[in-house]
Amino acid sequence: MSTNTDVVVIGGGPAGSTVSTLIAQKGHRVRLFEREHFPRFHIGESLIPETYWVLERLNMLPKMKASHFVKKSSVQFVNQHGKLSEPFYFTDHRPHECSQTWQVRRSEFDQMMLNNAREHGVDAQEGVSRCAR
């Protein structure tokens, strides 16, 4: 491993990509190691509206807005008897652009996040199951 590394992050999913990007934005040299090769299969994810602020800090909002991911502006719940609740419209409770979010395909979203980390200077390595001593 390079001695020119300030921080090592293990795992390239959304959490690892996020922390790597935020640390790199502060000027630190970051190396990220991911066991799998992306894109990797993961079940889809329904992002919550407050994710907006994290995506903004990561400079991901333009990418999300340009993506093909389904935009969400509300949620509806089903109880154990199959009865639907009234729709909960996010903008009714917070009239701001952050009240719209996305339903993402995790394999694509994770790849976008990892690529974004790389764009911020993170040295992201995929297919690494062990680090040499």
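The values are calculated or read from the model by the stated rules, or taken from the named source; none is laboratory data. Bear in mind the structure is a predicted one, so any value in this text is a computation, not a measurement. Every residue, glycine among them, receives a Cβ derived from its backbone with ideal geometry; neighbour counts consider all protein chains shown. Quick note on the areas: whole protein, heavy atoms, side chains included, nothing else; ligands and nucleic acids left out. Shrake-Rupley method; radii C 1.70, N 1.55, O 1.52, S 1.80 Å.
Select from region 101-133 the residues that are open to solvent by 70 Å² or more (accessible area, probe 1.4 Å) and in a loop (DSSP other than H, G, I, E, B) and write down the one among them that is modelled with the highest pLDDT.
105
When you go through (1) surrounded by 14 or more Cβ atoms within 10 Å (Cβ to Cβ); (2) of a type outside the set (A, V, I, L, M); (3) part of a loop (DSSP other than H, G, I, E, B) one by one for residue 98, which number turns out not to apply?
(3)
Looking at the structure I just gave you, is residue 67 modelled with pLDDT under 95 and surrounded by 12 or more Cβ atoms within 10 Å (Cβ to Cβ)?
When the stated conditions are applied, residue 67 does not pass them.
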